[in-house]
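In what follows, a structure is listed as structure tokens, so that the remarks can point back to it.
Every number here is computed from the coordinates shown, using simple stated rules; none is lab data. Just so it is clear, the structure is predicted and the values come from calculations on it, not from any experiment. Cβ sites come from the backbone with ideal geometry, for glycine too, and all protein chains shown count toward neighbours.
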């Protein structure tokens with residue numbers, strides 16, 4: 001997944017929607033500030049809103065563990081940018097595991113702006129490992145490693161058929 005493109009351009013919601021399969025309350029990234037397809041890294045943000053699928057009205061925010069999904073979606077955007085540069089279709093990937101997770105906050109409050117960072121640290125075939133972090137006001141409040149699986153279209157169709165036959 002290497003290229004020579006470094007891009008500090010701001011990417012807003014409308015363009016982000018063209019890069020990921022997520023929609024509605026499961027669309028969990030507000031904007032991208034910069035990305036580097038050579039280093040395979042991305043910096044973006046998510047603004048906590050009441051529309052978030054993880055929003056807890058009683059708590060007045062989103063449980064901090066949901067930041068793991070925010071980081072995973074930052075990876076999804078990064079892969080979408082890479083696929084777009086190569087002229088490929090956007091497709092679903094899978095979060096296989098999280099490790100070395102540290103959560104230093106209990107809840108993200110309504111209106112808080114989460115700073116998201118992800119960077120590729122290892123790749124074996126179609127399995128990728130990323131370092132990720134979520135920060136508030138420059139202070140890291142969640143971090144971990146994510147192992148992701150990229151599945152080609154043919155295998156994805158087989159998976160979907162098997163999944164649909166279960167229900």
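Examine segment 135-145 for a residue that is touching a residue at least 40 places away in the same chain (Cβ under 8 Å), in contact with a helix residue (DSSP H, G or I) (Cβ under 6 Å, 6 or more places away or on another chain) and outside any strand (DSSP E or B), and state whether such a residue exists.
no
For every residue, the table says whether it meets (1) exposed (fewer than 15 other Cβ atoms within 10 Å of the Cβ); (2) touching a strand residue (DSSP E or B) at 6+ places or on another chain (Cβ under 8 Å); (3) in contact (Cβ under 8 Å) with a residue 24 or more places away in the chain.
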position: 20; (1), (2), (3): no, no, yes
position: 39; (1), (2), (3): yes, yes, yes
position: 44; (1), (2), (3): no, yes, yes
position: 51; (1), (2), (3): yes, no, yes
position: 62; (1), (2), (3): no, yes, yes
position: 76; (1), (2), (3): no, yes, yes
position: 89; (1), (2), (3): yes, no, yes
position: 93; (1), (2), (3): no, yes, yes
position: 103; (1), (2), (3): no, yes, yes
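If I filter segment 36-62 down to residues being in a strand (DSSP E or B) and in contact with a helix residue (DSSP H, G or I) (Cβ under 6 Å, 6 or more places away or on another chain), which single residue comes out as farthest from residue 104 (Cα to Cα)?
If we take residues in segment 36-62 being in a strand (DSSP E or B) and in contact with a helix residue (DSSP H, G or I) (Cβ under 6 Å, 6 or more places away or on another chain), then 42 is farthest from residue 104 (Cα to Cα).
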